[in-house]
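The values are calculated or read from the model by the stated rules, or taken from the named source; none is laboratory data. The structure displayed is predicted, hence computed values, not measured ones. Neighbour counts run over all protein chains shown; Cβ positions are idealised from the backbone, glycine included. Only protein heavy atoms, including side chains, enter the accessible area calculation; ligands, DNA and RNA are left aside. Shrake-Rupley method; radii C 1.70, N 1.55, O 1.52, S 1.80 Å.
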Amino acid sequence: YKKWYVAVPVYAWAGSVALYRMFLGKHYPTDVIGGILLGTGVPLLLHFCTPVNRFANKVGRGLLKY
């Protein structure tokens with residue numbers, strides 16, 4: 001998100017949830033790292049890879065017609 005006063009609290013909240021889930025024993029550290037990689041990798045792929053972005057837009061438009 002472009003506004004720092006929105007992004008900083010959101011990332012702090014997400015990081016605290018990840019640490020708390022590991023502290024409670026609900027997730028292993030590898031689970032949290034995998035979630036971080038997926039959560040940042042998919043949006044970056046859709047943003048920077050033009051063919052994937054075009055495909056995702058077509059799929060999204062098709063789903064929204066229902």
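General observations
- Residue among 37, 6, 27 farthest towards the positive dipole end of the chain, charges placed on Cβ: 6
- Accessible surface of the chain, 1.4 Å probe, proportion on carbon and sulfur as whole %: 71 percent
- Under the convention that each Lys and Arg Cβ holds +1 and each Asp and Glu Cβ holds -1, the size of the dipole of the chain around its Cα centre is about 360 debye.
- Normalised per residue, the accessible area of the chain is 94 Å², obtained with a 1.4 Å probe and no contribution from ligands, DNA or RNA.
- Among the protein heavy atoms, those of residue 17 account for about 60 Å² of accessible surface (1.4 Å probe, every chain in place).
- Given the chain, longest segment not containing exposed loop trypsin sites (Lys or Arg not before Pro) (DSSP; at most 10 other Cβ within 10 Å): 27-64
- Per-residue SASA remark: residue 24, around 90 Å² accessible (1.4 Å probe; ligands, DNA and RNA not included).
- Extension reserve of the residue 58-residue 2 stretch, reckoned as 0.36 nm per residue once the Cα distance is removed: 17.6 nm
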